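Novice: Got a structure for you, written out below as structure tokens; questions coming shortly.
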Amino acid sequence: MAEITVGIAQIAPIKGNIQANLDKVGALMRQISDEGLEVDLLTLPETATTGYFLEGGVVEAALDARSLANMLAQQYQSSGLQRALDVSMGFYQKENGHLYNSAIYVELPSGEIKHVHRKFFLPTYGVFDEERFVSRGVRIEAFDTRFGRGAMLICEDVWHSVCATIAALKGAWFILAPVASPARGFGGEIPDNLVQYERIVGRMSEEHGLYTVMTALVGFEGGKGFSGGSMLAAPNGEVALKAPIGEEALAIGKMSFDEVEVARARLPLLSDLQSALCDVINQMCSGAIVYNQDRMEE
């Protein structure tokens with residue numbers, strides 16, 4: 001199996017300025033070329049093309065996936081890169097009259113789109129009000145890349161353990177998780193939201209024997225600060241790489257897919273789940289029916 005190098009690029013987008021933010025991606029490609037970095041996969045945060053808190057401005061800032069892939073291919077062509085590079089990044093997507101908070105996976109230089117994931121869980125609490133402005137996705141899929149099988153989850157998707165479970169059951173060896181997480185809770189050395197993310201991504205990697213790449217937005221929008229602190233969790237649950245907090249950075253990490261096989265052999269929780277899956281689904285469905293009946297009786 002392959003070992004690949006991942007460039008985890010946490011950036012501070014210029015709000016609503018798609019071209020300027022894509023130029024940031026181009027600058028990262030040039031950095032990879034100029035410094036001779038053997039990066040195979042470049043990951044960027046949620047809504048990296050525009051910034052997160054656009055609200056009604058999503059209508060003007062949304063792109064179709066094909067246009068974004070073409071723009072990334074143009075940035076690649078002008079970067080001087082001489083090696084193939086895969087890119088994943090978050091963006092506001094328009095498709096068939098709908099708007100989504102999405103993430104794309106593109107192979108360069110060809111510009112081939114391998115997958116687009118639409119955020120499954122849209123937060124509507126605290127500072128978040130996503131469901132007013134975008135539609136939610138309805139599927140979680142794994143997809144094939146030139147390295148192996150991957151999946152994408154966006155921000156709150158990661159907090160619902162069932163999402164990673166679905167991705168793993170569909171064959172993912174790695175999960176890419178672009179996030180836009182406002183910093184909150186400053187009682188310790190790092191913000192509480194990053195403490196929670198470290199716990200979540202470590203646990204989901206360990207449970208399913210896969211890599212998790214969490215790539216976080218930084219910068220300020222409307223007085224709200226995004227924390228950064230991107231991280232890479234290994235299949236044994238260890239958080240093997242942490243990016244700086246509160247600043248733009250390109251962190252370099254490795255994913256060795258031999259470790260996926262080793263982790264799944266040592267802790268075969270995924271195979272146990274696969275063998276019991278039909279019973280698990282039956283229990284979930286019966287529980288949901290009882291819960292809904294109880295609510296109706298109330």
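The values are calculated or read from the model by the stated rules, or taken from the named source; none is laboratory data. Note that the structure is a prediction, hence the values are computed from the model and not measured. Cβ placement follows ideal geometry from the backbone for every residue including glycine, while neighbour counts extend to all protein chains displayed. Note: accessible area is taken over every heavy atom of the protein model, side chains too, but ligands, DNA and RNA are not part of it. Shrake-Rupley method; radii C 1.70, N 1.55, O 1.52, S 1.80 Å.
Novice: Working carefully through the options ALA183, ALA172, ALA177, find the one that is open to solvent by 10 Å² or more (accessible area, probe 1.4 Å) and either touching a Leu at 6+ places or on another chain (Cβ under 7 Å) or farther than 30 Å from CYS278 by Cβ (or both).
Specialist: ALA183
Novice: May I ask you to list the residues in segment 119-143 that are in contact with a His (Cβ under 9 Å, 6 or more places away or on another chain) and open to solvent by 70 Å² or more (accessible area, probe 1.4 Å)?
Specialist: ARG139
Novice: Give segment 200-213 a look and list any residue that's assigned to a strand (DSSP E or B) and in contact (Cβ under 8 Å) with a residue 60 or more places away in the chain, or say none.
Specialist: VAL213
Novice: Separate question: Whether any residue in segment 227-237 is more than 20 Å from VAL127 (Cβ to Cβ) and surrounded by fewer than 23 Cβ atoms within 10 Å (Cβ to Cβ) is what I want to check.
Specialist: Yes.
Yes/no per residue for (1) hydrophobic (A, V, I, L, M, F, W, C); (2) open to solvent by less than 40 Å² (accessible area, probe 1.4 Å); (3) on the phi > 0 side of the Ramachandran plot:
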residue	(1), (2), (3)
LYS24	no, no, no
ASP34	no, no, no
THR47	no, yes, yes
GLU55	no, no, yes
ASP64	no, no, no
LEU68	yes, yes, no
LEU85	yes, yes, no
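Novice: Just checking, how many residues over segment 82-127 are within 18 Å of the chain's Cα centre (by Cα) and farther than 16 Å from VAL59 by Cβ?
Specialist: 22
Novice: Consider GLN93 carefully, then state whether it is open to solvent by 40 Å² or more (accessible area, probe 1.4 Å) and modelled with pLDDT of 95 or more.
Specialist: So GLN93 fails the test.
Novice: Here are some conditions: (1) within 22 Å of MET284 (Cα to Cα); (2) surrounded by fewer than 22 Cβ atoms within 10 Å (Cβ to Cβ); (3) not aliphatic (A, V, I, L, M). ASP157 meets all but one. Which one does it not meet?
Specialist: Result: ASP157 passes all but (2).
Novice: In segment 226-241, which residues are touching a residue at least 40 places away in the same chain (Cβ under 8 Å) and in contact with a Gly (Cβ under 7 Å, 6 or more places away or on another chain)?
Specialist: Within segment 226-241, PHE226, SER227, GLY228, LEU232, VAL239, LEU241 meet the criteria.
Novice: Additional query: Under 8 Å between Cβ atoms, which residue pairs at least 6 apart in sequence (or on different chains) link something in segment 7-28 that is within 9 Å of GLY51 (Cα to Cα) with a partner that is among the aromatic types (Phe, Trp, Tyr)?
Specialist: Final answer for the pair search is ALA12/PHE220; ALA12/PHE226; LYS15/PHE53.
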